[in-house]
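We did not get these values from a lab; they are worked out from the coordinates using the rules stated. The structure displayed is predicted, hence computed values, not measured ones. Glycine also receives a Cβ, built like all others from the backbone with ideal geometry; neighbour counts cover every protein chain displayed.
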Amino acid sequence: MRSHSLKMVVVGGVVALVVMFGIDIASSGIERINGPLTTEDAMPVYPDPAAEYEGYSNPAG
């Protein structure tokens, strides 16, 4: 039973490394095609709610 647990840990570690390597290859390929992502191009995490309502005047105040 103990060797089975050790094998699962090793397989899990290898899978994690392969996934991280794949993400690195994919992001470098995307940057090569589209260029590096700048902060102006990135979507904001919390969009400005006032930007959605430009031109809207509050009748209450």
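Using each residue's phi in region 22-32, evaluate 6.51 cos²θ - 1.76 cosθ + 1.60 at θ = phi - 60° and report the 3J(HN,Hα) Karplus result to the nearest Hz, with x for Gly and Pro.
Taking θ as phi minus 60°, the curve returns x, 5, 5, 5, 5, 5, 5, x, 5, 5, 5 Hz for region 22-32.
Using a Förster radius of 35 Å, what is the FRET efficiency between THR38 and VAL18 based on their Cβ-Cβ separation? Nearest 0.05, please.
Taking R0 as 35 Å, the efficiency between THR38 and VAL18 is 0.75.
Put a dot 7 Å past each Cα toward the Cβ at VAL9 and ALA26; how far apart are the dots in nm?
That separation, rounded to one decimal, is 2.9 nm.
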